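Colleague: Just passing along the structure, written as structure tokens.
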Amino acid sequence: MFFAAALIIQSGCKVSAEKIEFKRAEEASQRNQHEAALKHYQAVVAQSVKTPLAIQSAKEAARILHYQLKRPKEAVEYYKHVILYSQEASDRIEAQKRLANLHFTETLDYTQAIAEFSRLLELPHSQKEDLEYRLSIARSYFYLNNFFQSQVEIDTILTRSSDRDTLFDTLLLKANIFLTTKKLDEAIDALKKLMADYPERSRIEAIGLILAVCYEEQKNYAMAIETLQLIRDTYPRRAFVDQKIKTLRERQTLLPGARGLKK
């Protein structure tokens, strides 16, 4: 009897301590005392690990580290804790999303980002999310200079997507691969298609400037100038375009057989 009573008392103390620590964390968080709140949330996670309050504490610790204290690398541990121990599928999926995006946009660990987005593809997700994850994977491969694998993901997206914004972003990435690998004719064709099929997004993203750069790389200054003249009136930095046109005209006069072209 004494032993059983002792276990009950110990269990009650443990639960009570967990609740007290969690309450202190919440109170500190409400006062925007982020470091203090984090300390209490971390204590709950360390002491209780798998309980609902521990999972909620891990979520809050990740949030504070990621968004309030701007220490994303430290938040990774707590996102992983939620993924590993939460009984709620929605919690695990949300933590996985945040972890993948954290590596992609903040730690810039593109190898790890690919791994985390690939895990998301194995979890329940919508068709729109499927394309978003694959585009992030394609971009990650691009930043790693693995253009072949990036192209594989791009081709998959292009065969599955009908969303105009997704198609624009994917085709632009494809054009950037061509430009980076000095396949200038292919880059020019891709950029011209973007400008023809998506005129408004192309204007916003200044695709005409990229196209002009491609022509300039080819020393096709006439087409570079023509492209800049086409976008001049809609580009917000008109003086920049005018200066670029002037520079290209000067370079054009230096080409063999170009005597008399300067005006």
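The values are calculated or read from the model by the stated rules, or taken from the named source; none is laboratory data. The structure presented is a predicted model; accordingly, all values stated were derived computationally and were not measured. As a convention, Cβ positions derive from the backbone with ideal geometry for all residues, glycine included, and neighbour counts pool all protein chains shown.
Colleague: Considering Lys50, Lys39, which residue is assigned to a loop (DSSP other than H, G, I, E, B) and surrounded by fewer than 17 Cβ atoms within 10 Å (Cβ to Cβ)?
Modeller: Lys50
Colleague: For Leu131, all conditions in the list (1) modelled with pLDDT under 95; (2) surrounded by 14 or more Cβ atoms within 10 Å (Cβ to Cβ) hold save one; what is the number of the exception?
Modeller: (1)
Colleague: With the structure loaded, tell me whether Phe168 is closer than 30 Å to Leu108 by Cβ, hydrophobic (A, V, I, L, M, F, W, C) and at pLDDT 95 or above or whether it fails that test.
Modeller: Yes, satisfied.
Colleague: Further question: Among the residues that make up region 210-221, is at least one of them in contact with a helix residue (DSSP H, G or I) (Cβ under 7 Å, 6 or more places away or on another chain), in contact (Cβ under 8 Å) with a residue 24 or more places away in the chain, of a type in the set (D, E, K, R) and surrounded by fewer than 17 Cβ atoms within 10 Å (Cβ to Cβ)?
Modeller: Yes, there is a match, as at least one residue in region 210-221 is in contact with a helix residue (DSSP H, G or I) (Cβ under 7 Å, 6 or more places away or on another chain), in contact (Cβ under 8 Å) with a residue 24 or more places away in the chain, of a type in the set (D, E, K, R) and surrounded by fewer than 17 Cβ atoms within 10 Å (Cβ to Cβ).
Colleague: What is the number of the single condition among (1) under 30 Å from Asp130 (Cβ atoms); (2) crowded, with 17+ Cβ neighbours inside 10 Å; (3) β-branched (Val, Ile, Thr) that Val241 does not meet?
Modeller: (1)
Colleague: Moving to a separate point now. Looking at Asp91, Asp109, which is the one that is in contact (Cβ under 8 Å) with a residue 24 or more places away in the chain and either closer than 26 Å to Thr181 by Cα or not aromatic (Phe, Trp, Tyr) (or both)?
Modeller: Exactly one of Asp91, Asp109 is in contact (Cβ under 8 Å) with a residue 24 or more places away in the chain and either closer than 26 Å to Thr181 by Cα or not aromatic (Phe, Trp, Tyr) (or both), namely Asp91.
Colleague: Does Ile177 meet the test of being over 23 Å from Gln151 (Cα atoms), touching a Lys or Arg at 6+ places or on another chain (Cβ under 9 Å) and surrounded by 17 or more Cβ atoms within 10 Å (Cβ to Cβ)?
Modeller: When the stated conditions are applied, Ile177 does not pass them.
Colleague: Can you name the number of the only condition in (1) farther than 16 Å from Glu77 by Cβ; (2) crowded, with 21+ Cβ neighbours inside 10 Å that Ser29 fails?
Modeller: All conditions pass for Ser29, except number (2).
Colleague: Of the residues that make up region 156-165, is at least one over 29 Å from Ser57 (Cα atoms) and either within 15 Å of the chain's Cα centre (by Cα) or surrounded by 21 or more Cβ atoms within 10 Å (Cβ to Cβ) (or both)?
Modeller: Yes, region 156-165 contains a residue that is over 29 Å from Ser57 (Cα atoms) and either within 15 Å of the chain's Cα centre (by Cα) or surrounded by 21 or more Cβ atoms within 10 Å (Cβ to Cβ) (or both).
Colleague: Something else: I need a count of the residues in region 60-95 that are buried (at least 21 other Cβ atoms within 10 Å of the Cβ) and not aliphatic (A, V, I, L, M).
Modeller: Count: 6.
Colleague: Scan region 7-28 and report the pairs whose first residue is over 19 Å from Val49 (Cβ atoms) and whose second residue is modelled with pLDDT of 95 or more, with Cβ atoms within less than 6 Å and a gap of 6+ or a chain change.
Modeller: Close Cβ pairs (under 6 Å, with a partner that is modelled with pLDDT of 95 or more) amount to Ala28/Ala36; Ala28/Ala37.
Colleague: On the basis of being within 30 Å of Asp109 (Cα to Cα) and free of Cβ contacts under 8 Å to residues at least 60 places away in the same chain, does Asp163 make the cut?
Modeller: The answer is yes for Asp163.
Colleague: Okay, next question. Testing Leu144 on (1) of a type outside the set (Phe, Trp, Tyr); (2) under 23 Å from Leu120 (Cβ atoms); (3) crowded, with 21+ Cβ neighbours inside 10 Å, one condition comes back false. Which one is that?
Modeller: Leu144 satisfies all of (1) of a type outside the set (Phe, Trp, Tyr); (2) under 23 Å from Leu120 (Cβ atoms); (3) crowded, with 21+ Cβ neighbours inside 10 Å except (3).
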